[in-house]
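One structure below.
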Amino acid sequence: ESANGWFINNSGNRFRMTNAGVVGWYQASQPASYYWDNTWDSCSDNASGFSSGHAARISEAVQAANGDVNFASFDVNRDGRLTQHELAIMVVVPAANGDGSSLAQLLSTQCPGSAPLVLDNVELPGWITGWFTSLDADAGAAGYEPYQYTTAVHELLHQFSALDDIYVSADHAT
């Protein structure tokens, strides 16, 4: 099943996605350790303009895609500001395993003050999905999903619904 098929089936045919396109891969400007290992305590700890390597990677990837995407074409109401309902952005990141994804704030800078990312004269959505996937590295493992689309669906739901995670274990819910 596809992500769109999941949305159609689980919404009683009231919600569907349109694939706006897939672009990339883009070469990162820093080594992997810069993005994975850097979480700075404050803006004064670094000169990157971001609070973490993950935040820097998200902004860098979307800016790299600007040559392949006309973001203004998705501004349906022409107000100069894209919402998640006009364009949901997902940055796919290769990882050692497929156990991580997050709703990430998309900014042009966080330090010293945050500012929205503006490309093609439109302000991009404030939140996007960062999807860490192992692709097929986990093949054969228990619970393995060949295409890992349920993680993509789960993370996109955060964008569309603004709902947080609720995980339930035997001891407590988080």
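The values are calculated or read from the model by the stated rules, or taken from the named source; none is laboratory data. Every value quoted in this text rests on a predicted model; they were computed, and no experiment measured them. Virtual Cβ from ideal backbone geometry, glycine too; neighbours counted across all protein chains shown. Protein only, heavy atoms only, side chains kept; ligands, DNA and RNA dropped before computing areas. Shrake-Rupley method; radii C 1.70, N 1.55, O 1.52, S 1.80 Å.
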Inset, instruction - Report whether or not A152 is modelled with pLDDT of 70 or more, outside any loop (DSSP other than H, G, I, E, B) and under 19 Å from W25 (Cα atoms). - result: yes
Inset, instruction - Only residues in region 9-33 that are free of Cβ contacts under 8 Å to residues at least 40 places away in the same chain count as the first member; pair them with residues that are assigned to a loop (DSSP other than H, G, I, E, B) and open to solvent by 70 Å² or more (accessible area, probe 1.4 Å), Cβ under 8 angstrom, at least 6 apart or cross-chain, and list the lot. - result: N9/E1
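What is the residue count in region 87-100 for residues that are at pLDDT below 65 and within 12 Å of the chain's Cα centre (by Cα)?
So the first thing to find is which residues in region 87-100 are at pLDDT below 65, and the list is 97-100.
Checking the rest, the ones that are also within 12 Å of the chain's Cα centre (by Cα) come to 100.
Number of matching residues: 1.
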Legend entry - Yes/no for V62 being open to solvent by less than 30 Å² (accessible area, probe 1.4 Å), part of a strand (DSSP E or B) and at pLDDT 80 or above: no
Inset, instruction - Return a yes/no flag: does region 139-148 have any residue that is within 26 Å of N10 (Cα to Cα), within 14 Å of the chain's Cα centre (by Cα), modelled with pLDDT under 75 and open to solvent by less than 40 Å² (accessible area, probe 1.4 Å). - result: no
Inset, instruction - Considering each residue of region 3-39, count those that are under 18 Å from the mean Cα position of the chain (by Cα), part of a loop (DSSP other than H, G, I, E, B) and at negative phi, and give that number. - result: 10
Legend entry - Criterion (modelled with pLDDT of 95 or more and open to solvent by 30 Å² or more (accessible area, probe 1.4 Å)) met by exactly one of S44, S73: S73
